[in-house]
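Heads up, the thing below is written out as structure tokens.
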Amino acid sequence: MALLLGVAGCDTVEQGGGVEPVIAPRSTELTAEAGTVWVAVTAGGAWTINLSLSEGQDWAIVDPAKGSGSKSDVRLRYDANPSSGSRTINLILNVEGGGLATATITQAGTGGGEPSDIGPNGYDVAPYGWLELPVTKAGDGLTFFVHNMDGGKYVSASRSGVRNWSFYWDASEHLSMWVAYPLNNKLKGTGSRSNAWGLDPLLPADAQPNLTMGSYGGGWTRGHQIPSADRLSYRANVSTFYGTNMTPQQYDFNGEIWASLENRVRSYAALSDTLYVVTGCMYKASTQYTGVNSGFAVRVPTHYFKALLFKGISTHTVSDGYMSAGFLLPHDESIRKDNYLNYIMSIDELESKTGIDFFPNLITAIGSSNAGKVEATAPSSWWK
């Protein structure tokens, strides 16, 4: 991925509907890779957004382009920049009654260099364009890691074989915000649960919870993000028992509704060519912590989520053989085990609730417009 380049700004002119109009992208400096960025609109009436692209080409779209009042979930989708130089997008907000605001976004060219490897086994930004990966951001305090099927560091297909699972590590909270991986019958493999609780070799031992002798303390169980049953070949299964794959979960949540949803995800994967899975947790607003049996008091998540991208043959696919679904569950053990479908939603809705940009690399595979349809479409009856 390229380093961020360019300087961008945001200006407002006049007022419309008694409210000063503002258009504010979450980021005004983009990498060369395809992706999306959230845009907030402040307006007192009906509005439209027009795009002025530096190259005069259709390489970005905004959705929705029309609306009324203030919104924080407008999305700008953009293609990869194939040129070595940077390029710009001007967003022009026109509010009914004469209000006007503009913002400029700069996308880096491919000559910006590769993301920095911030440690012996981790990256500041993911250097891979796999479909399962959410957006990773430079300088956000989180570190991207990825395992191969032997449990060590994935480097490349030629040097370290098949990728296993990736994780976005929050060193200050001692847990992964999310884990991402591809799943199908071949990748699932055959075998049984190893229960080989161990330390992740990609991190220093003293930087991760030690869950080898038991759970966190305080009554919280060790909850897998990539389930053991999603990787059954022995060495791949052992890696699912690393502490970096765990979060503290309520006992009945872990063994009831969460386990039921994991089983359902495997049934989706069995019908796919590949199911791309992101499993993660929301914990920033939590005030609960575990005990310190693991060496750390770890913040207890308030919610858990799954983002799923199906690739395969089905009459329900939205575009080019793809469809998607998201789940966002409160961390509540009182929810009945079979009620997870009460928490299904589109990927767009899941993104708005979590603040995470899922499946940005789908744009490269099928284009911005089709990727937008896949993520915006509510899950069909196939998922239910």
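How long are the three semi-axes of the equivalent ellipsoid for the range 230-384, computed from the Cα gyration tensor as the root of 5 times each eigenvalue, in whole Å, largest first?
28, 17, 16
Strictly over 25 Å apart at the Cα level, which of 188/384; 306/373; 188/373; 71/353; 71/284 would you flag in this model?
188/373
Give, in nm to one decimal, the length gained when the segment between residue 273 and residue 193 is fully stretched (0.36 nm per residue of separation minus the Cα-Cα distance).
Once the chain is fully extended between residue 273 and residue 193, it gains 26.4 nm.
So how strong a dipole does the chain carry about its Cα centre when Lys and Arg Cβ are +1 and Asp and Glu Cβ are -1, to the nearest 20 debye?
1120 debye
Put +1 on the Cβ of each Lys and Arg and -1 on the Cβ of each Asp and Glu in the chain; which of 247, 176, 214 then has its Cα farthest toward the positive end of the dipole?
Towards the positive end, the residue furthest out is 214.
In nm, give the distance between the simple-model label positions of residue 333 and residue 251, each being 7 Å from the Cα along the Cα-to-Cβ direction.
In this crude spin-label approximation the distance works out to 0.6 nm.
Return 375, 132, 256 ranked ascending by Cβ neighbour count within 10 Å, so the fewest neighbours appear first.
So the residues, fewest neighbours to most, are 256, 132, 375.
Among 342, 121, 237, which one moves the most in a GNM of the chain with springs linking Cα atoms closer than 10 Å?
342
Going 7 Å from the Cα of residue 53 in the Cα-to-Cβ direction, what parts of the range 345-381 have a backbone nitrogen less than 18 Å from that spot?
In the range 345-381, the label zone of residue 53 (backbone N under 18 Å from the point 7 Å along Cα→Cβ) covers 361-373.
Grab the DSSP H runs of the chain that are 4 residues or longer, score each as -39,500 (n - 2.57), total them, divide by all residues and round the 222 nm result to the nearest 500 deg cm²/dmol.
For the chain, the value works out to -3500 deg cm²/dmol.
Over the chain, what relative contact order in percent results from Cα pairs under 8 Å that are six or more residues apart?
Result for the chain is 14 percent.
Once label points are set 7 Å from the Cα along Cα→Cβ at both residue 206 and residue 381, what is their separation, rounded to one decimal in nm?
6.0 nm
Mind checking the full-extension length gain between residue 313 and residue 40? Use 0.36 nm per residue of separation minus the Cα-Cα distance, one decimal, nm.
94.6 nm
Every read-out reported here was derived from the displayed coordinates using simple, explicitly stated rules and does not represent laboratory data. Since this is a predicted model, take the numbers as computed values, not measurements. Glycine gets a Cβ as well: all are built from the backbone with ideal geometry, and neighbour counts include every protein chain shown.
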